[in-house]
Amino acid sequence: MRLGIDFCGVRFPDPFTLAASPSTGTGEMVERAFDQGWTSAVLKTMAVEREDVQLVYPMIAGLDHQDKRLFGMENIDLISDRSLKDWEADIARLKQRYPASVVIASIMASSEADWQEAARRVEGAGADLVECSFSCPHGMPERGMGAAIGQNPELTERTATWVREAVKVPVVIKLTPNVTDITAIAMAVKRSGCAGVCAINTVKGLIGIDPETLRPIPAVAGYSTYGGYSGAAVKPVALKCVAEIAKAVDIEISGVGGVYTWRDAVEFLAVGARNVQLCTAVMMWGYRIIEDLKEGLEFYLERKGFGSAADVVGRALPYITKHESLSRAYKPVAEIDPAKCLKDDLCYIACRDGGHQAIELADDRLPRVDAEKCVGCGLCTCVCPVKGCIGLKERK
Ligand SMILES: Cc1cc2nc3c(=O)[nH]c(=O)nc-3n(C[C@H](O)[C@H](O)[C@H](O)COP(=O)(O)O)c2cc1C
């Protein structure tokens with residue numbers, strides 16, 4: 001199979017993994033996901049001490065964009081409130097029933113002893129990898145957990161080293177994007193000797209204010225807090241983080257953030273990820289999306305003549321460069337295909353009020369590009385609703 005890929009020394013049947021989330025909240029849920037075709041999952045983050053995990057509801061609010069529902073999602077969820085003992089039983093059962101599937105246990109703790117105990121116990125139960133959450137933006141920073149670790153290179157290196165020393169299975173550190181320089185944190189993980197990083201956890205945000213009540217959402221008895229933003233809206237942030245790490249640090253990367261389709265996955269592989277995780281898309285559309293993900297990637301690899309998913313890894317990286325290195329000699333110009341034009345004036349208005357006044361409307365309302373004024377900024381190609389109607393061509 002072309003889809004199989006090694007990540008941190010473990011063979012994954014395909015690059016698609018369920019991210020730590022409500023969709024991996026119990027062993028029974030993961031079994032249902034495996035029955036529908038998923039072959040790997042990161043279990044909802046668990047801890048030795050879970051007595052003070054006190055969840056609040058509602059914990060989810062959505063960002064709609066025009067007619068698109070849930071373009072972005074914010075959660076104020078915490079880690080699992082199930083006991084580590086229950087999770088150990090679930091891991092053992094998953095490995096017994098699905099030996100070829102990869103079970104990753106996500107852990108979080110607030111002391112060296114607890115980090116090491118949690119890691120040893122999930123390894124003992126049969127977990128193939130341990131993922132450490134150093135990255136939840138809202139999850140218990142008052143106890144030195146979550147992003148409090150992942151925002152500090154020294155804490156990251158020290159904590160990652162504790163976990164790496166405790167177990168034989170590979171350890172992956174899940175990073176927060178809520179830092180100035182994610183490569184400094186990835187380098188700290190590299191120094192710890194851990195096998196890989198997972199980027200990204202959610203982006204810290206405030207998803208909205210209800211204009212009727214003037215209260216923030218999700219409102220818990222009228223109050224809210226800053227939460228973790230995820231979904232399609234965060235994909236550019238996640239792609240940038242993965243690319244930056246891949247270019248700066250020699251470490252294996254699992255990419256996560258806004259992956260919905262096999263195309264998104266190809267993009268993450270192309271910027272250096274060897275594994276791709278999904279959370280919000282699965283919460284929205286269900287486990288069934290795995291069928292399209294696997295089929296789509298398989299067809300893509302075949303069509304492009306790639307022998308395996310690993311052949312795509314890092315392909316785009318040489319072409320991501322510094323702004324000052326970009327060619328100043330390249331001069332594109334917009335070209336409109338009149339046969340495809342709907343005469344909706346969108347390119348004309350955008351160019352007039354957000355560009356260079358280079359599109360004119362003829363008497364027949366067909367837009368025409370004034371090549372003298374057009375700088376090739378690309379705005380018209382983005383606003384046109386018809387794919388392929390407006391393109392950029394290199395000037396002769
Ligand atoms: C409701 C919810 C709960 C989450 N819980 C966890 C968690 O327990 N541990 C963790 O490492 N990440 C957790 N995440 C973060 C996701 O695993 C993922 O990193 C993030 O949502 C970005 O991916 P996405 O855009 O595919 O959702 C959670 C995300 C959501 C939306």
Checking E88, E49 in turn, the sole residue that is in contact (Cβ under 8 Å) with a residue 60 or more places away in the chain, open to solvent by 10 Å² or more (accessible area, probe 1.4 Å) and away from the ligand (no atom under 11 Å from the Cβ) turns out to be E49
Only one of A33, A61 is within 15 Å of the ligand (Cβ to nearest atom), in contact (Cβ under 8 Å) with a residue 24 or more places away in the chain and in contact with a Phe, Trp or Tyr (Cβ under 7 Å, 6 or more places away or on another chain), namely A33
Expected single match for surrounded by 14 or more Cβ atoms within 10 Å (Cβ to Cβ) and more than 35 Å from the chain's Cα centre (by Cα) among C347, C389, C341, C377 is C341
Scanning the stretch 162-208 for residues that are in contact with a Cys (Cβ under 8 Å, 6 or more places away or on another chain) and either assigned to a helix (DSSP H, G or I) or modelled with pLDDT under 95 (or both), the one nearest to L239 (Cα to Cα) turns out to be I182
Over the stretch 239-253, the set of residues touching a residue at least 40 places away in the same chain (Cβ under 8 Å) and open to solvent by 40 Å² or more (accessible area, probe 1.4 Å) is E244, K247, A248, D250, E252
Among the residues of the stretch 236-254, the number that are acidic (D, E) and within 12 Å of the ligand (Cβ to nearest atom) is 0
Restricting the stretch 225-235 to residues that are open to solvent by less than 40 Å² (accessible area, probe 1.4 Å) and closer than 14 Å to I60 by Cβ, the one farthest from the ligand (Cβ to nearest atom) turns out to be G227
In the stretch 351-373, anything in a helix (DSSP H, G or I) and surrounded by fewer than 17 Cβ atoms within 10 Å (Cβ to Cβ) is listed as R352, D353, G354
Within the stretch 24-45, the residues that are part of a helix (DSSP H, G or I), of a type outside the set (F, W, Y) and open to solvent by 10 Å² or more (accessible area, probe 1.4 Å) are E28, M29, E31, R32, D35
Restricting attention to the stretch 254-271, the residues that are buried (at least 24 other Cβ atoms within 10 Å of the Cβ) and assigned to a loop (DSSP other than H, G, I, E, B) number exactly 4
Being crowded, with 19+ Cβ neighbours inside 10 Å and under 20 Å from the mean Cα position of the chain (by Cα) narrows V163, V189 down to just V189
Residue pairs qualifying under the 7 Å Cβ cut-off, at least six apart or on distinct chains, with the first in the stretch 217-238 being touching a residue at least 60 places away in the same chain (Cβ under 8 Å) and the second being more than 8 Å from the ligand (Cβ to nearest atom) and of a type in the set (K, R), are Y226/K204; G228/K204
Inside the stretch 111-146, the number of residues satisfying the requirement of being touching a residue at least 24 places away in the same chain (Cβ under 8 Å) and either open to solvent by less than 10 Å² (accessible area, probe 1.4 Å) or not in a helix (DSSP H, G or I) (or both) is 22
Open to solvent by 60 Å² or more (accessible area, probe 1.4 Å) and more than 15 Å from the ligand (Cβ to nearest atom) - does that describe any residue in the stretch 12-22? no
Part of a loop (DSSP other than H, G, I, E, B), loosely packed, with under 15 Cβ neighbours inside 10 Å and free of Cβ contacts under 8 Å to residues at least 12 places away in the same chain: is that true of R303 in this structure? no
Scanning the stretch 306-338 residue by residue, the ones that are surrounded by 11 or more Cβ atoms within 10 Å (Cβ to Cβ) and of a type in the set (F, W, Y) total 1
Taking the stretch 374-396 and keeping only residues that are assigned to a loop (DSSP other than H, G, I, E, B), out of contact with any helix residue (DSSP H, G or I) (no Cβ under 9 Å at 6 or more places or on another chain) and within 22 Å of Y330 (Cβ to Cβ), one is left with V375, G376, G378, G388, R395, K396
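The values are calculated or read from the model by the stated rules, or taken from the named source; none is laboratory data. Quick caveat, the model's predicted, so the values are computed rather than measured. When we count neighbours, we look across all protein chains shown, and the Cβ atoms used for this are built from the backbone with ideal geometry, even at glycine. In case anyone asks, the SASA skips ligands and DNA or RNA and just uses the protein heavy atoms, side chains included. Shrake-Rupley method; radii C 1.70, N 1.55, O 1.52, S 1.80 Å.
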